[in-house]
Amino acid sequence: MSSHPREQRPVTLLKLSEKRALGEPIVMVTAYDHPSASIAEDAGVDVVLVGDSAANTVLGYRDTVPITMDEILMLARAVRRGLKTPLMVGDLPFGTYEASDEHAIAAAHRFVKEAGCEAVKLEGGGQMAQRARAIVEAGTPVMGHVGLTPQTATALGGYRAQGRTAERAHQVLEDALALQEAGCFSIVFEAIPNELTDLIMERMEIPVIGIGAGPSTDGQVLVWHDLLGINDAFKPKFVKRYAELRQTMVDAVLEYAEDVRTRAFPGPEHAYGVAPEEMERLREMLAKRTHA
Ligand code: KIV
């Protein structure tokens, strides 16, 4: 399969609403570096999230909590350089937006000014809907995120599906409605039962992107390393792998190591040439130096 024939116009918030209205599914992926961004660009995805999942996938932290604003901004700038068309969203790290509206606005502005993001994402409802409202009013579009919110997974009882009791399902619904009411342009639903998604979808007027939330959302998102099988340590139920790149990469590096050890690499095709007369002149120069 070759690259997706690209409609070169950048994806806007309006475009996402139009897609929702037309029933055209929205394709979203995460990306954390320049090569991944340019692959997402060539594949014609609609939205690229510089997710705080970078904490686990590329920075080696155990969960998403430790990643800092400076760390994610460096990744976001690399993604920016690889993207022209998809809408680019920066994921506000834990601890950068919860304390006050001022903190939230300042963090959102850093994503826009220092990394060229078009929007930011934050997790949770309740007070976080107010943070979303403040960021939107200060000029930056916000994507919400409800259900399993990894930054507060401990409080939710770990990395598990949410909304499986009537009370918890009601809370997820309330959070989604509060974020919509706060002015979010879109919301991620993560790890909730399909039946609950269907029920909330009846009340949503903005594009909803699902991850482990069933087929009735307006689009889907997968984490880059999960989708491509680069990380094989952890595979949530909702992940579909479209490649097994980790094994492909291990096999390639093993083959390289074997070639180096047996001197099969480099071969003549990897070598630079020099004119024989230049080597002859070099030998003469060296000979003169030795006899001087
Ligand atoms: O950080 C992330 O990758 C996310 C997606 C799962 C939506 O928040």
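Suppose we filter segment 175-202 for residues that are part of a helix (DSSP H, G or I) and acidic (Asp, Glu); how many remain? I'd like the intermediate steps shown before the answer.
Of all residues in segment 175-202, those part of a helix (DSSP H, G or I) come to 175-181, 194-201.
So of that shortlist, the ones also acidic (Asp, Glu) come out as 175, 181, 195, 198.
So the answer is 4.
Conditions (1) out of contact with any strand residue (DSSP E or B) (no Cβ under 7 Å at 6 or more places or on another chain); (2) more than 16 Å from the ligand (Cβ to nearest atom); (3) closer than 18 Å to residue 49 by Cβ; (4) among the aromatic types (Phe, Trp, Tyr), marked per residue:
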position: 132; (1), (2), (3), (4): no, no, yes, no
position: 139; (1), (2), (3), (4): yes, yes, no, no
position: 148; (1), (2), (3), (4): no, no, yes, no
position: 185; (1), (2), (3), (4): no, no, yes, yes
position: 207; (1), (2), (3), (4): no, no, yes, no
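Going residue by residue through segment 165-175, is there one that turns out to be within 15 Å of the ligand (Cβ to nearest atom) and surrounded by fewer than 22 Cβ atoms within 10 Å (Cβ to Cβ)?
The answer is no; no qualifying residue exists.
Residues of segment 209-243 being in a strand (DSSP E or B), more than 23 Å from residue 35 (Cβ to Cβ) and free of Cβ contacts under 8 Å to residues at least 60 places away in the same chain, which ones? Don't jump to the end; show me each part of the working.
Pass one, segment 209-243, residues in a strand (DSSP E or B): 209-211, 219-222.
Among the residues that remain, those that are also more than 23 Å from residue 35 (Cβ to Cβ) are: 209-210, 219.
Once the filter is applied, which keeps residues that are in a strand (DSSP E or B), more than 23 Å from residue 35 (Cβ to Cβ) and free of Cβ contacts under 8 Å to residues at least 60 places away in the same chain, segment 209-243 yields only 210.
Is there a residue being out of contact with any helix residue (DSSP H, G or I) (no Cβ under 9 Å at 6 or more places or on another chain) and within 16 Å of the ligand (Cβ to nearest atom) anywhere in segment 255-268?
Within segment 255-268, not a single residue is out of contact with any helix residue (DSSP H, G or I) (no Cβ under 9 Å at 6 or more places or on another chain) and within 16 Å of the ligand (Cβ to nearest atom).
Take segment 40-63 and flag every residue that is away from the ligand (no atom under 13 Å from the Cβ) and touching a Leu at 6+ places or on another chain (Cβ under 9 Å). Before you say what the answer is, go through the steps one by one.
Step one: filter segment 40-63 for residues away from the ligand (no atom under 13 Å from the Cβ), giving 40-46, 60, 62.
The answer is 40, 41, 46.
From the residues in segment 71-114 that are touching a strand residue (DSSP E or B) at 6+ places or on another chain (Cβ under 6 Å) and small (Gly, Ala, Ser), which one is farthest from residue 8 (Cα to Cα)?
Only one residue tops the list, namely 108.
Can you say whether residue 33 is acidic (Asp, Glu), within 16 Å of the ligand (Cβ to nearest atom), crowded, with 22+ Cβ neighbours inside 10 Å and modelled with pLDDT of 95 or more, as far as the supplied structure shows?
So residue 33 fails the test.
Is it the case, given these coordinates, that residue 161 is modelled with pLDDT under 95, away from the ligand (no atom under 13 Å from the Cβ) and closer than 22 Å to residue 49 by Cα?
Against the criterion (modelled with pLDDT under 95, away from the ligand (no atom under 13 Å from the Cβ) and closer than 22 Å to residue 49 by Cα), residue 161 qualifies.
Any residue at all in segment 230-251 that is farther than 30 Å from residue 47 by Cβ and of a type in the set (D, E, K, R)?
yes
The values are calculated or read from the model by the stated rules, or taken from the named source; none is laboratory data. Computed from a prediction, not measured in an experiment: that's the story for all the values here. Because the Cβ atoms are built from the backbone with ideal geometry, glycine has one as well, and the counts that use them run over all protein chains shown.
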